[in-house]
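The values are calculated or read from the model by the stated rules, or taken from the named source; none is laboratory data. Fair warning: this is a prediction, and the values are worked out from it, not measured in the lab. Note that each Cβ is placed from the backbone with ideal geometry, even for glycine, and that neighbours are counted across all protein chains shown. The area values use the complete protein model at the heavy-atom level, side chains included, leaving out ligands, DNA and RNA. Shrake-Rupley method; radii C 1.70, N 1.55, O 1.52, S 1.80 Å.
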Amino acid sequence: MDFLVNLSEGWQFSIQLLVVLICLFYGAQKGGITLGLLGGIGIFVLVFGFDIKPGKPAIDVMLTILAVVVASATLQASGGLDVMLQIAERILRRNPKFLTILAPFVTCFLTMLCGTGHVVYTIMPIIYDIAIKNNIRPERPMAAASISSQMGIVASPVSVAVVSLTALLLNADHKLAGFDGYINLLQITIPSTLFGVLMIGIFSWFRGKDLDKDPVFQEKLKDPEFKQYVYGDSKTLLGVKLPKKDWVAMWIFLGAIGVVALIGAFDSLKPSWGQKYDYKATLESGTTLKWTPEKGDKGVFTLKDVKIADVDNPGEKIGLDKAVKADKLGKVEEGKVEKVYKADKLGNPDMDKISMVHIIQMFMLLAGSLIIIFTKVDPKKIGSNEIFKSGMIALVAVFGISWMADTMFAVHTPMMKSALGDIVKAHPWTYAIMLLLISKFVNSQAAALAAFVPIALSIGVEPGIIVAFAAACYGYYILPTYPSDLATIQFDRSGTTHIGKFVINHSFILPGLIGVFSSCCIGYVLAMVAGYI
């Protein structure tokens, strides 16, 4: 494989990008867990073919996904999700005339509460039943509800996408001033998402012909069997008396989300362990160096429990009271080490507080355990339900994709920054388009963020732009291949929700474009008001 290593950087990048795209396209085509697994092929080619040092998978993101998915799956297994769905149905059936506006908000809020858009499968038959019984074209509320359920992901306190984006921004080398992560992100994404959902509802209210004026539908109704199929049995949770334990499970889950939001809003509630500090080493020559304790720089200076390299005594270890620097000839200078407290813009010392990533992980595991304790749910049901299965697929996808992307793009960051940095800085909207297309390739908002945000940050995209255009991570409505969209088509027995002759002209494309575009516009305005841009 020496010939690959000896190619110019441009050729290496082109071949590596082709390998990554093949893995993404094939994985998306096969669906399911394949997308994450194919990351292994990409990493193998990069490491053994191009002699690239493996990057790092998004471990914090993956662990948070695991905690959130387990808690949500426990909620479903306990029956707590049924309570939410019953409340949602009650709201919709009381206001059938406003179904096209209300249905998208209901599915969006369900996603925001549960952290996954897969809750839409249960509510969709109810939306169809209300629409068809009130002579409302089912395509209007159903397509809008399907799109809105996925838009709610980036506004959910417990979604994989929000957690991923928070972790990526907080761990970035160039942090966003005034951005503490979790709550600050939701302050932008929640109102911008809800505005996008409103725009979807308003557009959908007027789309398509009313059923009594649709000649194609009226012609089909002449067939008695089709009419019975369209107006068949009602699907409802109303009148079903849910056991007390279901309500307990729901309140435990919502309570955990509420506490997480409260801790995120008030720093004083976060456990802290004193002030953060770096170490400053002053050498005999007067040179001053700064670094973080765990990041010793091989061959230049070392810290606690880090072996000295390229010096007179290469096996020696030193403590934090002593600093060394070696030149190319192995000559060592010694100096003293002292603490340097980190401070924010106002000069106030930063505190070593627990991160919101750990808070989310902790309270999601706590919520799941409390649900098991107080509702006596069968643990076997947790690992076999839809939320758990889809969550594990997302976990594998983020693992494979983030590791492959970090391995490849970290090597070529300087070249990409030189080639693309100025373009993205001059035209910030190009970031949103790239993220939108990547989302379609990987069919996952979290995976798209994990794959592209680190690259965007490395080539100079401002963190404020990434926050403003967070909604652009949802682009898999472009082609009608996502499970929730396909399921919605099947739930609409009238046939009004459909895939067009040219595939791209399907029922979800316009609501999706309108929702994401309007959400990004409002997100940009809110980010400017917050001072992020």
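With only Lys, Arg, Asp and Glu charged, each at its Cβ (+1 for the first two, -1 for the last two), find how big the charge dipole of the range 69-187 is about the Cα centre; round to the nearest 20 debye.
Numbers: 8 positive and 6 negative charges, 105 e Å.
Value, rounded to 20: 500 debye.
How large is Rg over Rh for the range 479-533, taking Rg from the Cα atoms and Rh as the Kirkwood inverse mean of 1/r across Cα pairs? List each step's numbers first, then the result.
Values: Rg = 15.9 Å, Rh = 13.1 Å.
Looking at the range 479-533, the ratio lands at 1.21.
Spacing of the modelled spin labels on Lys376 and Leu221, each 7 Å from Cα toward Cβ, amounts to 5.1 nm. Extents of the range 1-147, taken as max minus min of Cα coordinates on every principal axis and listed largest first, are 69, 34, 20 Å. Over all directions, the projected convex hull of the C-alpha atoms in the range 155-202 averages 3.6 nm² in area. Net charge within 12 Å of Ser204 by Cβ-Cβ distance, Lys/Arg positive one each and Asp/Glu negative one each, not counting Ser204 itself? With Lys, Arg at +1 and Asp, Glu at -1, the neighbours total +2. Here the peptides 35-47, 368-380 are ranked by packing, the mean other Cβ count within 10 Å, and the order with the highest first is 35-47, 368-380. Full extension of the chain between Leu238 and His498 gives 90.7 nm of extra length, using 0.36 nm per residue less the Cα-Cα distance. Electrostatic bookkeeping for Thr166 treats Lys and Arg as +1 and Asp and Glu as -1; over the other residues with beta carbon under 11 Å from its beta carbon, the sum is -2. Based on alpha carbons, the Rg and Dmax found for the range 426-471 are 9.7, 28 Å.
Roughly what percent of Cα-Cα pairs across the range 113-252 reach past 22 Å?
Counting pairs separated by more than 22 Å, the tail of P(r) holds 57 percent.
Over 29 Å apart at the Cα level, from the set Lys56/Lys376; Lys97/Lys241; Lys30/Lys245; Lys389/Lys425; Lys97/Lys440, are Lys56/Lys376; Lys30/Lys245; Lys389/Lys425; Lys97/Lys440. Packing around the peptides 464-473, 14-23, taken as the average count of other Cβ atoms within 10 Å per residue, puts them in this order, highest first: 464-473, 14-23. A Förster distance of 30 Å, applied to the separation of the beta-carbon atoms of Leu262 and Ile87, puts the FRET efficiency at 0.85. Hey, what's the range 59-114 come to in accessible area per residue, 1.4 Å probe, Å²? I get 32 Å² per residue for the range 59-114.
Each 10 Å bin from 0 upward holds the following percent of the Cα-Cα pairs of the range 1-69: 18, 40, 31, 9, 2.
Annotation for Ala426 and Tyr26: the two label points, set 7 Å from Cα along the Cα-Cβ direction, are 3.8 nm apart.
How much FRET efficiency would the formula 1/(1 + (r/R0)^6) give for Asn171 and Asn135, where r is the Cβ-Cβ distance and R0 is 45 Å, rounded to 0.05?
With a Förster radius of 45 Å, E is 0.30.
Under 5 Å from the amide H of Ile52 lie the amide H atoms of Val47, each residue being 5 or more positions distant or on a separate chain, with H modelled from the backbone and absent for Pro and chain starts.
Please give the FRET efficiency for Leu7 paired with Lys270, using the beta carbon to beta carbon distance and R0 = 45 Å, rounded to the nearest 0.05.
The pair Leu7/Lys270 has a calculated efficiency of 0.35.
The gain in end-to-end length when the Gln228 to Leu17 segment is fully stretched comes to 70.7 nm, 0.36 nm per residue minus the alpha carbon separation.
Diffusion coefficient of the range 184-246 by Stokes-Einstein, Kirkwood radius over Cα pairs, 25 °C, 0.890 mPa s: 150 µm²/s. At full extension, Trp247 and His358 could sit 37.3 nm farther apart than now, given 0.36 nm per residue minus the alpha carbon distance.
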